[in-house]
1. G10: open to solvent by 20 Å² or more (accessible area, probe 1.4 Å) and either in a helix (DSSP H, G or I) or of a type in the set (S, T, Y) (or both), yes or no?
2. Can you tell me which residue among M365, M344 is in a helix (DSSP H, G or I), away from the ligand (no atom under 16 Å from the Cβ) and within 30 Å of P119 (Cα to Cα)?
3. State which residue pairs qualify: first residue over 21 Å from E39 (Cβ atoms) and in contact (Cβ under 8 Å) with a residue 12 or more places away in the chain and inside the range 262-277, second residue within 8 Å of the ligand (Cβ to nearest atom) and hydroxyl-bearing (S, T, Y) in any location, beta carbons under 8 Å apart, and separation of 6 or more residues or different chains.
4. With more than 12 Å from the ligand (Cβ to nearest atom), modelled with pLDDT under 95 and under 25 Å from E195 (Cβ atoms) as the only criterion, which of L313, L296, L306 stands out?
5. Mind telling me which of the residues I187, I136 ends up being more than 30 Å from L12 (Cα to Cα), in a helix (DSSP H, G or I) and within 16 Å of the ligand (Cβ to nearest atom)?
6. Give the number of residues within the range 139-163 that are touching a strand residue (DSSP E or B) at 6+ places or on another chain (Cβ under 8 Å) and either assigned to a helix (DSSP H, G or I) or open to solvent by less than 50 Å² (accessible area, probe 1.4 Å) (or both).
7. Got a sec? Which of V133, V100 is open to solvent by 20 Å² or more (accessible area, probe 1.4 Å), modelled with pLDDT of 95 or more and under 21 Å from G226 (Cα atoms)?
8. Tally the residues that are of a type in the set (F, W, Y) and within 7 Å of the ligand (Cβ to nearest atom), restricting the search to the range 264-281.
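The values are calculated or read from the model by the stated rules, or taken from the named source; none is laboratory data. The structure presented is a predicted model; accordingly, all values stated were derived computationally and were not measured. Cβ sites come from the backbone with ideal geometry, for glycine too, and all protein chains shown count toward neighbours. Surface accessibility is based on the protein's heavy atoms, side chains included, excluding ligands, DNA and RNA. Shrake-Rupley method; radii C 1.70, N 1.55, O 1.52, S 1.80 Å.
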Amino acid sequence: KHGYFTYDPGFLSTASCDSNITFIDGEEGLLFYRGYPIEQLAEHSDFMEVSYLLIYGELPNAEQKEKFTNTITRHSMVHDQLTHIFRGFRRDAHPMAVMVGVVGSMSAFYHEAIDVSDPRNREFAAHRLLAKVPTIAAWSYKYNVGQPFMYPKNRFNYAENFMHMMFATPCEDYEPNPVLAKAFERILILHADHEQNASTSTVRLAGSSGANPFACVAAGIASLWGPAHGGANEATLKMLEEIGDISRIGEYIKRAKDKTDSFRLMGFGHRVYRNMDPRAAIMRQTCHQVLDELGLNDDPMFKLALELEKIALEDEYFVSRRLYPNVDFYSGIVMRAMGIPNSMFTAIFALARTVGWVAQWNEMMSDPGSKIGRPRQLYTGPERRDFLPLDQR
Ligand code: SDX
């Protein structure tokens with residue numbers, strides 16, 4: 001027994017840290033944030049409440065929620081100098097490339113967070129990252145499409161503000177559709193934290209040396225970008241567009257099973273879940289709601305995804321390996337239906353996961369026993385040997 005859960009001894013030796021934040025049971029397909037099931041948070045909560053919960057450990061009361069939300073809202077603008085950093089990128093730079101660079105540059109603007117031993121500075125950094133990453137993400141898109149940056153508006157909530165900064169222009173306001181804004185909020189909640197995944201472990205390892213939290217989150221964004229991780233939502237939609245038609249599903253299932261073919265079924269499988277990723281089920285339901293709201297129930301991509309999931313879940317290769325759809329399988333279809341371009345899917349995953357990264361980083365930095373991370377290796381290189389002069393090589 002270790003905390004809430006009983007682990008087999010072998011697992012305990014592989015665990016990289018203790019944490020009170022997120023609990024995953026891969027066998028049962030369970031996901032809790034601070035003990036609350038993800039299904040209940042996705043249904044009843046909003047992203048500011050979930051962010052408060054992840055950072056402070058409890059759901060906020062009305063007064064705490066209002067104060068926290070106001071703080072985040074009032075820090076959503078970025079230092080005006082930061083706008084010049086965008087201009088150093090080519091217009092066709094991938095939004096994730098821009099986000100790695102611009103979020104990392106926040107290290108040069110918010111000096112107060114340099115002394116991370118002071119909890120007040122850690123809270124300062126957490127609030128500024130949570131507040132400003134959506135603005136940087138939306139501006140990465142605006143820069144990419146050659147439109148002027150749209151500044152956040154304090155009258156919008158977190159999800160609405162991001163959609164405003166993405167879709168409004170100086171010529172035309174954007175009034176968020178409440179159903180789409182709620183669905184987007186749910187996407188943020190589902191992606192907020194996920195225990196010690198690759199990008200969170202990256203943030204923890206970088207932060208364990210006492211590095212600046214903005215630079216650590218930039219490292220997390222870099223790790224998340226990979227197609228095996230957060231880049232899978234963009235890769236899943238690209239795969240569905242390549243499959244194109246239900247009649248071609250069999251060909252791709254065959255390729256996914258062929259070990260000589262590097263093709264994998266994107267949005268399927270997981271390092272931890274040996275059951276349905278609970279987020280995928282909620283995302284599928286959200287997909288239905290969004291497509292229904294937009295009158296796109298016949299969306300060919302969604303129909304293709306549903307059929308692909310059905311066929312794969314009846315195929316011995318996937319069943320025997322306990323491979324199920326993960327959070328990335330449906331998220332791209334939902335965001336595409338909302339008018340969000342493929343290139344922004346992982347950027348949105350990054351803006352959602354920022355709160356998980358800062359909560360996990362803060363948990364580590366608050367632990368007086370925390371030490372610099374130092375993974376070890378099994379050496380498989382040459383034995384000791386003497387130097388060879390150039391004329392003998
Ligand atoms: C995320 O860690 C997290 O929590 C991440 C995340 C988060 O919230 O932070 O949940 C977000 O990254 C979700 C995962 C998104 N990635 C994808 O959807 C990319 C496609 N999936 C795979 O690349 C793969 O499933 C991984 C990378 C997710 C896991 O790879 P593993 O560790 O190799 O999977 P495994 O050990 O379970 O594999 C078991 C078998 C292997 O075959 P055999 O050696 O047994 O013959 O299943 C095969 C794998 O080759 N396999 C797949 C497959 N995933 C695993 N075969 C075809 N298609 C796939 N998608």
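1. Working: open to solvent by 20 Å² or more (accessible area, probe 1.4 Å): yes; either in a helix (DSSP H, G or I) or of a type in the set (S, T, Y) (or both): yes.
So G10 passes the test.
2. Details: M344 fails: within 30 Å of P119 (Cα to Cα).
After applying the criteria, what remains is M365.
3. So the pair list comes out as M266/T236.
4. Numbers: L296 fails: under 25 Å from E195 (Cβ atoms); L306 fails: under 25 Å from E195 (Cβ atoms).
Answer to the selection: L313.
5. Details: I136 fails: within 16 Å of the ligand (Cβ to nearest atom).
Exactly one of I187, I136 is more than 30 Å from L12 (Cα to Cα), in a helix (DSSP H, G or I) and within 16 Å of the ligand (Cβ to nearest atom), namely I187.
6. Of all residues in the range 139-163, those touching a strand residue (DSSP E or B) at 6+ places or on another chain (Cβ under 8 Å) come to 147-148, 150.
Imposing the further condition that a residue be either assigned to a helix (DSSP H, G or I) or open to solvent by less than 50 Å² (accessible area, probe 1.4 Å) (or both) reduces the set to 150.
Adding up the residues that qualify gives 1.
7. Numbers: V133 fails: open to solvent by 20 Å² or more (accessible area, probe 1.4 Å).
Exactly one residue qualifies, and that residue is V100.
8. 1
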